[in-house]
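A.B. asks: Below is the structure I would like to discuss, written out as structure tokens.
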Amino acid sequence: MLKTFRGGVHPNDMKAPTANKKIVELDPSQEMVYPMTQHIGAPAKPIVKVGDFVYAGQKIAEAGGFVSACIHATVSGTVKAIEKRMHPNGLFVESIVIDDDGQDSIYPELRGCEDYTKLSKDELVNIIKEAGIVGLGGATFPTHVKLSPPSEANIDYVIVNAAECEPYLTSDYREMLESPEQVIGGLKILMHMFNLKDGYVGIEDNKEVAIETMTAIAAKEKNLDIHIKTLKTKYPQGGEKQLINAITGRKVGPGQLPWQVGAIVCNVDTCRAIFQAVRRGLPVMTRIVTTGGDCVNNPGNYKVRVGMKLRDIIEQTGGFSKQPSKVIMGGPMMGMAISSLDVPAVKGTSGLMAFGEEHAYGADETACLRCGKCVYVCPMNLLPNRLDEAARADNYDALEKLNINDCIECGSCAYSCPSKRRQVQQIKVAKVKLREAQQRNK
Amino acid sequence: MDNLLVVSHSPHITGNDTVRRTMLDVCIALIPALIAGTWVFGYRALVVTAVSVIACVLFEWLWGKILKKPASVGDLSAIVTGMLLAFNMPVTIPLWMVVIGAFFAIIIVKQFFGGIGHNFMNPALAARAFLLASWALAMTTWVAPHTSVPFWNTADVVTSATPLAAYAGTEGAVGEIPGYFDLFIGNVGGCIGETSVLAILIGGIYLIARRVIRIRIPLTYLLTVALGTWMFAGHDGLFTGDALYQVMAGGVMLGAFFMATDYTTTPYTPVGQIIFGIGCGVITVLIRVWGGYPEGCSYSILLMNIVTPLIDRITAPNRYGASKAKKRKEAQA
């Protein structure tokens with residue numbers, strides 16, 4: 001029996017066009033833009049001034065609090081401006097703009113550590129914090145926070161999230177094929193931090209080659225038990241709560257965090273980043289971006305420097321085959337539609353999808369049939385049909401009673417709806433409205 | 001300059017399920033029963049069905065036209081209602097009554113309450129109940145299988161008992177108790193679409209395979225009827241009832257797969273569906289065993305339709321990861 005969770009949907013995975021495309025490294029943009037919010041939490045604070053010379057890999061912004069992350073330059077060059085620039089989310093946020101000198105001079109003070117087993121947990125957490133590592137699967141929660149559970153926490157599962165359940169995306173898959181040692185290396189560091197002999201990697205069963213490759217690398221570890229767990233291919237298998245449930249059988253309850261059930265989950269790319277940070281001293285500078293959709297000429301997997309303009313990614317990889325009407329950062333199930341290509345790739349940019357007009361607009365909504373499909377597929381046991389109703393009526397009492405904040409926004413409800421209703425979209429808006437209403441009433 | 005990009009919340013893709021496809025699947029699933037009905041009762045079964053479907057679609061279209069609402073005929077739900085309405089009538093029904101039934105189903109039961117998704121009762125069954133109350137004789141004029149039915153003066157036919165009436169020994173119900181095989185293939189008297197267990201099962205399995213319906217309601221409904229009739233419907237005391245006969249005779253099969261599974265009027269929670277199925281079964285048994293009417297399927301479903309919102313309310317799924325103790329605490333707070 002393959003491991004999985006209750007609920008979920010089966011979208012066509014659309015991974016075939018890019019699954020066999022090797023990762024190709026792209027050149028940085030001439031002008032690199034680093035927004036101060038590339039993570040969940042407080043914005044980072046710039047520590048460079050306009051006109052300063054910076055090396056690639058040099059820290060240019062300090063974490064703005066405990067739940068925050070620092071940011072590094074990914075090219076060498078001069079700080080051109082510190083001003084508000086458009087973030088992929090459409091908001092104008094404070095950003096550091098660097099003019100690339102094309103030299104790629106690496107910050108000389110970056111030092112790796114060959115034998116991390118001599119380092120304490122706190123030292124390792126600090127290295128990860130200084131490297132600006134956040135959840136690179138797209139959630140961008142600061143990793144050092146995740147790795148600092150309270151002392152009473154009893155962590156017995158460290159899990160690599162290699163489910164990659166989003167359609168189209170193959171960046172984690174390629175990572176596992178091309179640098180499995182680094183991914184397992186990152187996991188080993190995590191296992192060392194929590195004194196564990198067992199580590200887990202969860203991979204969906206549509207990624208056979210990755211399962212084979214990772215199993216072979218894991219088998220080389222004589223003193224450690226690294227379990228490669230094959231998961232059922234089902235969306236949202238890579239949701240943190242769903243993955244923990246599939247692998248450990250435990251459920252992260254309402255308002256709980258994974259450490260409360262003894263689990264820590266990190267994405268494939270996050271593990272690679274941890275490996276790079278600890279062993280080579282490198283901060284988060286690059287990430288793998290899968291391009292796709294019916295408007296791109298060469299769908300593929302590209303190694304992109306954080307701060308590079310999305311337009312340059314498209315231009316360097318062969319451009320658009322036709323004018324796109326919708327561009328999505330991330331995958332089509334949970335990715336963010338962006339309003340302009342003149343925004344930078346950020347740490348959480350896992351994909352770049354461009355779709356033509358026929359895919360840009362959803363079908364018209366019709367009345368709810370009460371068929372209950374959204375109820376069956378909701379992995380969080382919610383009633384999306386009733387949440388949808390309450391959200392449209394701004395019925396905040398009902399929204400709270402229906403546990404709106406349990407929603408992980410996976411979109412399985414809207415995906416499965418025969419009436420093409422937009423339950424999750426309504427829920428997302430209602431969450432914000434509810435929060436505002438609660439603040440007003442305080 | 002780029003053309004403007006569309007910005008919207010995720011998800012940016014949706015599945016292939018549509019209302020139209022769902023309704024089409026139900027229509028396809030009803031075809032075996034239509035073929036069986038035509039074989040048993042002759043071409044007039046086909047005529048009644050055609051009149052019912054055309055009338056339902058016409059009323060659906062007229063309503064939208066008169067109220068200037070977006071056309072809803074394309075969702076095919078009126079065709080499903082039309083087919084089910086015809087399947088719930090005897091083949092001898094005067095055609096003008098079929099049209100009145102269609103009016104009641106589409107206009108009164110469905111559109112008056114807001115159209116598709118908003119009606120609180122199954123339109124076809126409510127129309128059947130309305131017709132039965134208004135023209136009881138015409139709605140219970142049964143003929144034996146393969147009787148030639150005149151097109152117009154249908155009241156003159158030689159009537160026969162339905163299998164359930166014969167079993168119950170209802171007054172005036174003449175006719176032999178048919179065997180299991182005849183019941184299974186549908187070679188018995190009754191409503192147009194309800195006689196052939198085989199045809200209904202083919203349609204039901206198709207719907208389950210296409211994931212249009214879930215097995216919970218049909219299964220719990222049929223099991224409850226079987227258990228209840230085995231216990232109480234026997235002529236020789238408790239536990240002597242012929243459960244197999246009771247499940248295959250009458251409208252229970254058609255009701256369980258096609259009417260107790262109607263999306264709009266039945267619960268959407270998994271536990272609620274089980275309660276609904278059991279509730280339908282209990283009411284059917286009550287009516288068949290202690291009521292004055294040998295059938296009971298349509299009333300049981302209509303009564304359970306009415307309590308569906310209550311069932312949904314009390315059977316919401318458990319909050320993910322919340323322990324039972326915690327849930328109790330929340331309820332108290």
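A.B. asks: Could you work out, residue by residue across B:16-23, how many beta carbons of other chains sit within 10 Å of that residue's beta carbon, and then give the average as an integer?
C.D. replies: Mean shielding count: 4.
A.B. asks: Would you work out which of A:GLY57, A:CYS295, A:LEU383 lies farthest towards the positive end of the dipole of the protein assembly as shown, given +1 charges on the beta-carbon of Lys and Arg and -1 on that of Asp and Glu, about the Cα centre?
C.D. replies: Ranked along the dipole, the leading option is A:LEU383.
A.B. asks: Per-residue Cβ counts within 10 Å, from other chains only, averaged over A:361-370: what number is that?
C.D. replies: Averaged over the peptide's residues, the number is 6.
A.B. asks: Another question about this same structure. Output wanted: per-residue J couplings in Hz (rounded whole) for the range A:228-236, from phi through Karplus 6.51 cos²θ - 1.76 cosθ + 1.60, θ = phi - 60°, x for Gly and Pro.
C.D. replies: Values, residue by residue: 8, 9, 7, 10, 5, 6, 7, 8, x Hz.
A.B. asks: What does the C-alpha gyration tensor say about the overall shape of the protein assembly as shown? Classify as rounded when a/c is under 1.5, otherwise prolate if a/b is larger than b/c, or oblate.
C.D. replies: Cα axes put the protein assembly as shown in the prolate bin.
A.B. asks: If you don't mind, there's one more thing I want to ask. Go through chain A and flag any cysteine with no other cysteine's C-beta closer than 4.7 Å, please.
C.D. replies: When partners are defined as cysteine Cβ atoms under 4.7 Å apart, chain A leaves A:CYS70, A:CYS113, A:CYS165, A:CYS266, A:CYS271, A:CYS295, A:CYS368, A:CYS371, A:CYS378, A:CYS407, A:CYS410, A:CYS417 without one.
A.B. asks: For chain A, the longest stretch holding no GluC sites (Glu not before Pro) located in a DSSP loop with at most 10 other Cβ atoms within 10 Å is which?
C.D. replies: The longest such stretch corresponds to A:153-442.
A.B. asks: Output the antiparallel fraction of DSSP beta bridges having both residues in chain A, as a percent to the nearest 5.
C.D. replies: Here the antiparallel bridges make up roughly 60 percent for chain A.
A.B. asks: Oh, and also: Might you report the magnitude of the Cβ-based charge dipole of the range A:302-434 about its Cα centre, with Lys and Arg at +1 and Asp and Glu at -1, to the nearest 20 debye?
C.D. replies: Taking the Cα centre of the range A:302-434 as origin, the dipole is about 240 debye.
A.B. asks: Kindly identify the range B:217-321 as rounded, prolate or oblate by the Cα gyration tensor criterion: order the square roots of the eigenvalues as a ≥ b ≥ c, call it rounded if a/c is under 1.5, otherwise compare a/b with b/c, prolate if a/b is larger, else oblate.
C.D. replies: Verdict is prolate for the range B:217-321.
A.B. asks: With viscosity set to 0.692 mPa s and temperature to 37 °C, compute the Stokes-Einstein D of chain A, Rh being the Kirkwood radius across alpha carbon pairs; µm²/s, no decimals.
C.D. replies: Translational diffusion coefficient: 146 µm²/s.
A.B. asks: Could you work out the local net charge near A:SER412, counting Lys and Arg as +1, Asp and Glu as -1, over the other residues with Cβ closer than 11 Å to its Cβ?
C.D. replies: +1
A.B. asks: Give me the dipole magnitude in Debye, nearest 20, for the range B:19-314 about the Cα centre, with unit charges on the beta carbon: positive for Lys and Arg, negative for Asp and Glu.
C.D. replies: 1140 debye
A.B. asks: What ³J(HN,Hα) values, in whole Hz, does the Karplus curve 6.51 cos²θ - 1.76 cosθ + 1.60 give for the range B:180-191 when θ = phi - 60°, with x put for Gly and Pro?
C.D. replies: With coefficients 6.51, -1.76 and 1.60, one gets 4, 5, 4, 5, 5, 7, x, 7, 9, x, x, 6 Hz.
A.B. asks: Positive end of the dipole of the range B:19-314, charges at C-beta (+1 Lys, Arg; -1 Asp, Glu), about the Cα centre: which of B:ALA249, B:THR224, B:GLY64 has its Cα farthest in that direction?
C.D. replies: Farthest towards the positive end: B:GLY64.
A.B. asks: What are the radius of gyration and Dmax of the range A:111-280, computed over its Cα atoms and given in Å?
C.D. replies: For the range A:111-280, the Cα-based Rg and Dmax read 14.7, 41 Å.
A.B. asks: Treat each spin label as a single point 7 Å out from the Cα along the C-beta direction, and report the A:ALA363 to A:GLU114 distance in nm.
C.D. replies: According to this spin-label approximation, the distance is 6.2 nm.
A.B. asks: Could you tell me which residue out of A:VAL158, A:THR270, A:VAL209 lies farthest along the dipole of the range A:111-280 toward its positive end? Charges go on the beta carbon: Lys and Arg +1, Asp and Glu -1, centred on the Cα centre.
C.D. replies: Sorting the options by dipole projection puts first A:VAL158.
A.B. asks: Inside 10 Å of the C-beta atoms of A:334-343, what's the mean count of C-beta atoms belonging to other chains?
C.D. replies: That average works out to 3.
A.B. asks: Test of the criteria: in the range B:1-103, which trypsin sites (Lys or Arg not before Pro) are in a DSSP loop and have at most 12 other Cβ atoms within 10 angstrom of their Cβ?
C.D. replies: Passing both the DSSP loop test and the Cβ count: B:LYS68.
A.B. asks: Please give me the summed charge of the neighbours of A:GLN438: other residues whose Cβ is under 12 Å from its Cβ, Lys and Arg +1, Asp and Glu -1.
C.D. replies: +2
A.B. asks: Whole-Hz Karplus ³J(HN,Hα) for the range B:73-80, in order, using 6.51 cos²θ - 1.76 cosθ + 1.60 and θ = phi - 60°, x for Gly and Pro?
C.D. replies: 5, x, 6, 6, 5, 5, 5, 4
A.B. asks: Sticking with this one: Please build a GNM for chain A, connecting alpha carbons under 10 Å apart, and tell me which residue among A:GLY319, A:GLY77, A:GLY238 fluctuates the most.
C.D. replies: Largest GNM mean-square fluctuation: A:GLY319.
A.B. asks: Right, something else. Which of the chymotrypsin sites (Phe, Trp or Tyr not before Pro) across the range B:120-192 are loop residues per DSSP, with 12 or fewer other Cβ within 10 Å?
C.D. replies: For chymotrypsin sites (Phe, Trp or Tyr not before Pro) across the range B:120-192 that sit outside H, G, I, E and B with at most 12 neighbouring Cβ atoms in 10 Å, the list reads B:PHE151, B:TRP152.
A.B. asks: For the range A:111-280, what proportion of DSSP beta bridges, expressed in % and rounded to the nearest 5, is antiparallel?
C.D. replies: Among the beta bridges of the range A:111-280, antiparallel pairing accounts for roughly 5 percent.
A.B. asks: Note down the net charge around B:MET248, summing +1 for each Lys or Arg and -1 for each Asp or Glu among other residues with Cβ under 15 Å from its Cβ.
C.D. replies: -3
A.B. asks: Now for a separate question. Compute the Kirkwood hydrodynamic radius of the range A:284-406, taking the inverse of the mean of 1/r over all pairs of distinct Cα atoms, and give it in Å to one decimal.
C.D. replies: Taking the inverse mean of 1/r over all distinct Cα pairs, the range A:284-406 comes out at 16.8 Å.
A.B. asks: Lysines within cross-link reach of A:LYS22: Cα-Cα under 18 Å, excluding same-chain residues under 8 positions apart?
C.D. replies: Partners within reach: A:LYS207, A:LYS303.
A.B. asks: Hey, another quick one. May I ask what percent, to the nearest 5, of DSSP beta bridges between residues of the protein assembly as shown are antiparallel?
C.D. replies: In the protein assembly as shown, DSSP labels about 60 percent of beta bridges as antiparallel.
A.B. asks: Sticking with this one: Taking amide H positions as placed 1.01 Å from N in the peptide plane, with prolines and chain starts having none, which residues 5 or more places from A:ASN267, or on another chain, fall under 5 Å of its amide H?
C.D. replies: The list, which skips near neighbours in sequence, is A:LEU136, A:GLY137, A:ASN161.
A.B. asks: Just B:PHE113, B:PHE104, B:PHE276 to compare: in a GNM of chain B, with alpha carbon springs under 10 Å, which one fluctuates most?
C.D. replies: Maximum fluctuation in the GNM of chain B, among the listed residues, is at B:PHE113.
A.B. asks: With the crude spin-label approximation of a point 7 Å out along Cα→Cβ, what separation in nm comes out for B:LEU219 versus B:ILE28?
C.D. replies: 2.3 nm
A.B. asks: Kirkwood Rh, the range B:30-126, all Cα pairs: how many Å?
C.D. replies: 13.3 Å
A.B. asks: Also, I was wondering about something else. If you place +1 on the Cβ of every Lys and Arg, -1 on the Cβ of every Asp and Glu, and leave all else neutral, what size is the dipole of the range B:180-333 about its Cα centre, to the nearest 20 Debye?
C.D. replies: Dipole size: approximately 1180 debye.
Where a number appears in this text, it was derived from the coordinates with a stated rule and is not lab data. No experiment lies behind these values; they were computed from the predicted model shown. Cβ coordinates were reconstructed from backbone atoms using ideal geometry, including for glycine residues, and neighbour counts include every protein chain displayed.
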